[in-house]
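**Q** First, the structure itself, so that you have it in front of you.
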Amino acid sequence: MQITGMLYGSKLLEFVEFPSAEVLGPDASEEAIKAMIERHGSVFIKPVFKGGVGKKGKAGLLGRAKDLKGALAEKERLYFVEHHHGNQSAKANGVTFEGAVPAEHEIYFSLSVSTEFRAPTLTITHCGGMDIEEVDEKHIARVPFDALTGMKAFVVANALADIGAPPEIISPLVQQLPKLWELYHNFGMTTLELNPIRMRPDRRGRLTPVACDFKCGFDRDDARWHRLNLPSELFAADYSDFEQEINQLRTHQGQSDVYVINDKGTVLAPTFGGGANSLVTEMLGDDAIISSDFGGNPPYEKMKSVAAICFRHWLAQSNVLFVIGGKSNNTDIFETFRAMADALREHFAKHGPTPLFVVIGRGGPNLVRGMGVFRDTCEALGLPYRIFGFDSAMSEVVDYAREVNEWMKAGGRAQIAARLGVTQAVAA
Amino acid sequence: MHQQGVGDFAYYVGISSLSQIATRHDRVCVLNILGGESSEVTPVSHVWSGGNVVFGTAPGKSGQVLETSLGPVPVFNSVREGLDAGHRFNCGVVYLPPTAARDGVAELIRVNPELKKIFIITEKIAVHDAREIRAMGQQAGIDIFGANCLGVADAWNEVRIGGALGGDSPSDTLKRGSIAILSNSGGFTTTIAQYLRMAGWGTTTLVSSGKDIYIHYAAPEFAFALANDARSKAAVLYCEPGGYYERDADFTKPVVACVVGRWKSRLTRAVGHAGAMAGGSDDAAAKEAWFMEKFGVDGIYTPDKPVFSAKGALVTNIAHIPAALTAVMRANATLPDFEPEGTMELKPWFGSNMGIELPAAIDLPVVQAMPPYREQIGALASQVGAVFARQNMKDISGASQMDPRTQVSSLHGVTMLQAAQNSLEANLALALLREAGGRNDRALVNIAVGAFLNLHGTPALAAADAARESGSAPNAVLAAAAAMVGPRAAEPARQVAALMIELFSRAGLRRAEDDSFDASAIEIDEATRARLIGSEADPLAGAMIEAAIARGVRSAPLGWLIRLGAHPRAEAVLAALTTTLAWGPLQRKRVSRTTVENLPWWMRLTGTLIGATAPAEQHTEQGLCGIAQTRLLGESSLTEVAATALLGRAPGSDDLFAYQTLTGLLLTNGPGAISAQGAKGAVSADGPETPSRVQLNKAMIGFLSHTGFAHGGNGFEGVAFLLERFAGHTLADPASPDHGLDLTAMATAYAREYGAERAASKEVGSAARNIPCVNHPVFKDKPVNIDPREEFVRKLFEARGEYNVFHDYYRKLVQALYDEGVTRNVFCVNVDALIATLLLKMMWPAWQAGSLAPNELETAAFTAFLHGRLIGCAAEIEDHLNRGKNMDTRTPQSQVRFVA
């Protein structure tokens, strides 16, 4: 949940009256672009990506033009440009035109959480305009401050003094930067980065900080950002239909976090607990369809809905239904297993049988009753199964599920299909 | 700004040794103690810790208590109120919802000057709140654990605070030993302790740190407290990506660190535990490197390549922790705390190949589980049927639901559109046993219900007739009959059903229709035998057995009963039939034992009610409605008999299909329908928590009394409307498309008339009457509107080549209303039209012959509704008595209103 770029960034900065570069959106008229070039001498053209994706400048995805023709050429080049960085890739949909702010000083500013200090932390340097990793450490101030008091003027002043910032930029920054704490703190942000802030001189040479690029991350668990009334499609970009459906059930009770690992996978593994989620996803690799954490003692109804959605999307292609978790502390195994077993039974009732091998590994309260329900369901549906207690190492159980999956691929699925009287086993 | 604590930290830390984290001297106050999670977990913690919870809070619930086996824990509105009452505590546990957690922390800190530690269980707390929580704790000098954690436990002190480490039986996992645990995963804190125990290592203090961005009690201060804890010889850390906590920890004792989450580098956003995913310098690879440097090792410990030093080992699989720990400790000349308690190899507790040959590698034989699970699995084998969790069932049903989008209701997952294609007997099985069953099952229902259809000479018939005579509506007539089928009449068969469940489960009966089942293992004493076998022939029993033979019924219990003696009792035969019927669903744990024990009563009740819809003169010694008694039991279907009772004549095959469709559609309309509410209220009032006290016949009276001329009898409105429209026209056979009527002209004429009438009423400011059976609040606003239920059934009849002139008229009418400008679009013909048109088509011959008065037609419409709905309500009643709580349908005082 990130916002990058000035298109929305400038609107957010307006909330706290922090000056920002003039920006025009993808639908800007040629007259408006031309007028902007006349006012500022030149404009920057930047592609608009949904969500956050970094290192755009280095990839040459930043255009600059001094006339309308150049600006339109850059618009054409960047409007639908694709960008790959690390494991992320993004496709632009539109560009912004940003008035150039000529300045002598470029400031890097960010607010974030530091796990070293365990406090909100200001990071600032007067050597901005480049990646912070490339700036000499001695020019960077990292200053934790009290969350209850907030980032006050003295925090900024002390930080700038510590790194020997030029005296002329200190006063304007001390006046303007504390506003950004209001934005960060009151609208549910986890990070806020402005790089660069350019120090624009007025006619009398007095400097004003002007934000020229914007990046922020929002906290999914904090409703404060809803106050901003941002269009929801800004964040909807990278959720599949399946993930969207599951997300609708997200409440504070029960995690119900999912991620589609491989939509061609053959092991459907509803996983309980973040730890189990890490272990299972790591070991199953591409066999796994989803990575999930359904722990946190979900109530019956929610568990059943979650399971029903999983089955509807993935059961037909699955060789193995693999229900796995450690020895739970308070997740009621009877309730969660009953819910999943009922969902499985209803799925079979509605969509007909599908060849499946059920592997379960679990521990926790009401364990045997829960296992009993799953056993009865497998028996009723005619599915082969193995159910392990917590005295079998979880990693061994994962390996077992993988071996079963291999057997299913090598003809086991067809055997079960024949046993169930399913005429067409979906090739898996 | 922080208080000065112990150690050389840049922030406040108050705990100098792990032994201080959870002690027997700690006294605990739990915020939101009555919440869902706390009310389950806190009693276990309290009892295991020797009673450490002094009180809890829950706003507005002061005066309540949380029951525990050590006595009740008092609940107050607020912390201040608890302190004012004289309680003192040094530990606060926060179970509040995420948006309230920060305020709860503030309350604990500001109100109680003796506070030392806070444990936050709440997950999904906003980072915004987390940093304020951190700042408040630092300012006041309070150690905070969590959030998003499962609290802490100490195996030496036998204390756990906040959360549920060790589950519902902490001693099973937490055994005194020498290893401390710090884990980002609450679940794995317990799982690791369990794994260690199997390898001979016990535990000291276990800290579930949580995995929020702010971890308030993290690795650096854990390492410090570990150094100062004489009991702890080593520690196990379980770490996920995100945060620099481990990097800054300075360990002086051996450590096994399990770092997971390399796979997260493939993700583009957080899954599961919050925190960094990849790319940062605090991802899994970075954390692995930190630990390797600390331990002076150059690789990951695996069983194949054990890399470790005396300082520690790094693993990436929790299953390798015990072996790595043993290796590291051996290098420190230290042996495990006790003999290993087991191995971690694969041990399936349950399994089946379902007749498929598996390769040896995956064909693992089922092994005995460890105690106490072994005993539980043994007990499971003897447990028969489903056990439902009890809950408040007001406006909730486990039997029926309505899909708000399609408006189609379903009963046990079968939509009314599907049910409309089932026979009445199949739908009865569906309602009570959740499965419509097969041929054998239908035969069983037909006999079991058939035995009670003819009410000749019974008080039920006398009561029904008296009610009818006094002018009561059909529902009241049936209620009078139902009142005569009370618990006393049902008890003998119920007892036999209970006995048969016991005997045949013990004997291992899998398929009840298996005639060849060897029942020789079943032994009964003389007294039991006397309950099943009488000294002389029982005519009803004989008739049912004959009918079973005539219908070719297969039943192991019945076969066993017949072989037991010459004269089986009628209740025993009935119970044998119903137990056979229910055996599959019972084995599959779809229904409870209680339901199967109730089944004979249900059969009797259903028979009585359907029988009572036929007037007294139709019940004779020889038979019912002209159907001979032997045919009634041995041949007829329930659908046939019920249709006969309704029509007053033998139904043709078209009539039967129409009747079946009609009753199927009417089975249920979800738990919100008034009829269902009446049934549920009646169960609730009897107290379903003692299911044997629920009077099924009274519950049916509850349903019946909650039907009436507006709910159930309203099917007649459509009939009356059609009669008006067809008055003066000659119609010989409504099933013939060659009826000779110009329906379009009739419809157009009425549309004009209605349009004029409506315009006139608008003039005088009154509302025009609505045309019954057209339009629907959901299926509207399209140019041409269709009620999908009507369309489904219409196509069903079309496929059978059946025609219904009344239905055709309705379709012409909605078009004419639009064509004449009366409606803004083409209204749908709704599902009620099906009921009216089907009914009128069936009744038309009698109506034409003049043998049916308008009020009798109305009675017939109402009765058809009751036939269908009584089956749906039986499902509702059975569901509520299995799941509901005593008096759960009442409305709280706060929600009722008074109007003047």
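The values are calculated or read from the model by the stated rules, or taken from the named source; none is laboratory data. Here the structure is a predicted model, which is why all the values come from computation and not from measurement. As a convention, Cβ positions derive from the backbone with ideal geometry for all residues, glycine included, and neighbour counts pool all protein chains shown.
Condition check ((1) free of Cβ contacts under 8 Å to residues at least 60 places away in the same chain; (2) surrounded by 23 or more Cβ atoms within 10 Å (Cβ to Cβ); (3) within 22 Å of B:Ile610 (Cα to Cα)) across all residues:
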residue: B:His807; (1), (2), (3): yes, yes, no
residue: B:Val814; (1), (2), (3): yes, yes, no
residue: B:Gly821; (1), (2), (3): no, no, no
residue: B:Cys828; (1), (2), (3): yes, yes, no
residue: B:Ala860; (1), (2), (3): no, yes, yes
residue: B:His880; (1), (2), (3): no, yes, no
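**Q** Before we move on, is A:Ala307 surrounded by fewer than 24 Cβ atoms within 10 Å (Cβ to Cβ), more than 8 Å from chain B (Cβ to nearest Cβ) and touching a residue at least 24 places away in the same chain (Cβ under 8 Å)?
**A** Details: surrounded by fewer than 24 Cβ atoms within 10 Å (Cβ to Cβ): no; more than 8 Å from chain B (Cβ to nearest Cβ): yes; touching a residue at least 24 places away in the same chain (Cβ under 8 Å): yes.
Criteria not met by A:Ala307.
**Q** Looking only at the stretch B:135-153, which residues are within 10 Å of chain A (Cβ to nearest Cβ) and in contact with a His (Cβ under 6 Å, 6 or more places away or on another chain)?
**A** B:Gln138 - this is the single residue of the stretch B:135-153 that is within 10 Å of chain A (Cβ to nearest Cβ) and in contact with a His (Cβ under 6 Å, 6 or more places away or on another chain).
**Q** Something else about it: Tell me, which residue of the stretch B:325-342 that is under 20 Å from A:Met394 (Cβ atoms) and not polar (S, T, N, Q) is farthest from the other protein chains (Cβ to nearest Cβ)?
**A** Step one: list which residues in the stretch B:325-342 are under 20 Å from A:Met394 (Cβ atoms), which gives B:325-326, B:340-342.
Checking which are not polar (S, T, N, Q) leaves us with B:325, B:340-342.
Values: B:Leu325: 14, B:Pro340: 12, B:Glu341: 9, B:Gly342: 6 Å.
Among them, the one singled out is B:Leu325.
**Q** For the stretch A:262-284, which residues satisfy the criterion of being within 21 Å of the chain's Cα centre (by Cα) and more than 8 Å from chain B (Cβ to nearest Cβ)?
**A** Matches in the stretch A:262-284: A:Asn262, A:Asp263, A:Pro270, A:Thr271, A:Val280.
**Q** Within the stretch B:401-414, work out how many residues are closer than 20 Å to B:Arg588 by Cβ and either more than 10 Å from every other protein chain (Cβ to nearest Cβ) or in contact with an Asp or Glu (Cβ under 9 Å, 6 or more places away or on another chain) (or both).
**A** Filtering the stretch B:401-414 for residues closer than 20 Å to B:Arg588 by Cβ gives B:410-414.
Among the residues that remain, those that are also either more than 10 Å from every other protein chain (Cβ to nearest Cβ) or in contact with an Asp or Glu (Cβ under 9 Å, 6 or more places away or on another chain) (or both) are: B:410-413.
Qualifying residue count for the region: 4.
**Q** Only one residue in B:Leu696, B:Leu704 is more than 29 Å from B:Trp844 (Cβ to Cβ), buried (at least 19 other Cβ atoms within 10 Å of the Cβ) and outside the structural domain of B:Trp601 (by TED's automatic domain parsing), so which one is that? Before the answer, list the steps.
**A** Numbers: B:Leu704 fails: more than 29 Å from B:Trp844 (Cβ to Cβ).
Within the list B:Leu696, B:Leu704, the selection yields B:Leu696.
**Q** Could you tell me whether any residue of the stretch B:477-485 is under 25 Å from B:Gly584 (Cβ atoms) and either without any contact (Cβ under 8 Å) to a residue 24 or more places away in the chain or surrounded by 20 or more Cβ atoms within 10 Å (Cβ to Cβ) (or both)? Explain how you work it out, then say what you get.
**A** As a first pass, look at the stretch B:477-485 and keep what is under 25 Å from B:Gly584 (Cβ atoms): none.
No, there is no match, as no residue in the stretch B:477-485 is under 25 Å from B:Gly584 (Cβ atoms) and either without any contact (Cβ under 8 Å) to a residue 24 or more places away in the chain or surrounded by 20 or more Cβ atoms within 10 Å (Cβ to Cβ) (or both).
**Q** Now for a different question. Which of the numbered conditions does A:Phe117 fail, given that it passes all the others? Conditions: (1) within 14 Å of another protein chain (Cβ to nearest Cβ); (2) part of a helix (DSSP H, G or I); (3) surrounded by fewer than 17 Cβ atoms within 10 Å (Cβ to Cβ).
**A** Tallying (1) within 14 Å of another protein chain (Cβ to nearest Cβ); (2) part of a helix (DSSP H, G or I); (3) surrounded by fewer than 17 Cβ atoms within 10 Å (Cβ to Cβ), A:Phe117 fails exactly one: (2).
**Q** Limited to the stretch B:16-50, what total is found for residues that are over 17 Å from B:Gly166 (Cα atoms) and in a loop (DSSP other than H, G, I, E, B)?
**A** Filtering the stretch B:16-50 for residues over 17 Å from B:Gly166 (Cα atoms) gives B:16-20, B:24-36.
Remaining after also requiring in a loop (DSSP other than H, G, I, E, B): B:16-17, B:24-27, B:32-35.
Within the stretch B:16-50, residues that are over 17 Å from B:Gly166 (Cα atoms) and in a loop (DSSP other than H, G, I, E, B) number 10.
**Q** Where in the stretch B:53-166 are there helices (runs of 4 or more DSSP H), lying wholly inside it, with at least 1 residues that are farther than 30 Å from A:Thr190 by Cβ? First the steps, then the outcome.
**A** Numbers: elements: B:79-84, B:98-111, B:127-140.
It comes to B:79-84, B:98-111.
**Q** Another one. Which ones in the stretch B:343-379 are within 7 Å of chain A (Cβ to nearest Cβ) and under 27 Å from the mean Cα position of the chain (by Cα)?
**A** Correct list: B:Trp349, B:Phe350, B:Gly351, B:Ser352, B:Tyr373, B:Gln376, B:Ile377.
**Q** Right, here's the next one. Considering only residues that are surrounded by fewer than 22 Cβ atoms within 10 Å (Cβ to Cβ) and in a loop (DSSP other than H, G, I, E, B), look in the stretch A:204-220 and name the one that is modelled with the highest pLDDT.
**A** Step by step, filter the stretch A:204-220, then rank; the result is A:Arg206.
**Q** Starting from the stretch A:378-402, keep only residues that are more than 7 Å from chain B (Cβ to nearest Cβ), then list their pairs with residues that are of a type in the set (D, E, K, R) and part of a helix (DSSP H, G or I) whose Cβ atoms are within a distance under 7 Å, requiring at least 6 positions of separation or different chains.
**A** Listed by first residue and then by second, the contacts come to A:Leu381/A:Arg345; A:Arg402/A:Asp287.
**Q** Of the numbered conditions (1) more than 10 Å from every other protein chain (Cβ to nearest Cβ); (2) surrounded by 22 or more Cβ atoms within 10 Å (Cβ to Cβ); (3) out of contact with any His (no Cβ under 8 Å at 6 or more places or on another chain); (4) under 20 Å from B:Asn32 (Cβ atoms), B:Ala164 fails exactly one; give the number of that condition.
**A** (1)
**Q** Looking at (1) more than 12 Å from B:Lys294 (Cβ to Cβ); (2) crowded, with 24+ Cβ neighbours inside 10 Å; (3) at pLDDT below 95; (4) not polar (S, T, N, Q), which is the only condition B:Ile213 fails?
**A** The single condition B:Ile213 does not satisfy is (2).
**Q** Is there a residue in the stretch B:713-720 that is part of a loop (DSSP other than H, G, I, E, B) and under 43 Å from the mean Cα position of the chain (by Cα)?
**A** Residues of the stretch B:713-720 part of a loop (DSSP other than H, G, I, E, B): B:713-714.
In the following step, the residues that additionally are under 43 Å from the mean Cα position of the chain (by Cα) were identified as B:713-714.
Checked the stretch B:713-720: at least one residue is part of a loop (DSSP other than H, G, I, E, B) and under 43 Å from the mean Cα position of the chain (by Cα).
**Q** I'm trying to understand the selection: among the residues of the stretch B:731-745, which are buried (at least 18 other Cβ atoms within 10 Å of the Cβ) and in a helix (DSSP H, G or I)?
**A** The one that is buried (at least 18 other Cβ atoms within 10 Å of the Cβ) and in a helix (DSSP H, G or I): B:Leu743.
**Q** If you don't mind, there's one more thing I want to ask. Among the residues of the stretch A:314-336, what is the count of those that are of a type outside the set (Lys, Arg) and either under 30 Å from B:Val207 (Cα atoms) or at the interface with chain B (Cβ under 7 Å from one of its Cβ atoms) (or both)?
**A** Adding up the residues that qualify gives 14.
**Q** If you go through the stretch B:699-707 one residue at a time, do you hit one that is closer than 25 Å to B:Asp403 by Cβ and without any contact (Cβ under 8 Å) to a residue 60 or more places away in the chain?
**A** Step one: filter the stretch B:699-707 for residues closer than 25 Å to B:Asp403 by Cβ, giving B:703, B:706-707.
From the residues that got through so far, the ones that are without any contact (Cβ under 8 Å) to a residue 60 or more places away in the chain too are B:706.
Scanning the stretch B:699-707, I find at least one residue that is closer than 25 Å to B:Asp403 by Cβ and without any contact (Cβ under 8 Å) to a residue 60 or more places away in the chain, so the answer is yes.
**Q** Residues being at the interface with chain A (Cβ under 8 Å from one of its Cβ atoms) and free of Cβ contacts under 8 Å to residues at least 12 places away in the same chain: count how many of those fall in the stretch B:380-400.
**A** The number of residues fulfilling the criteria is 2.
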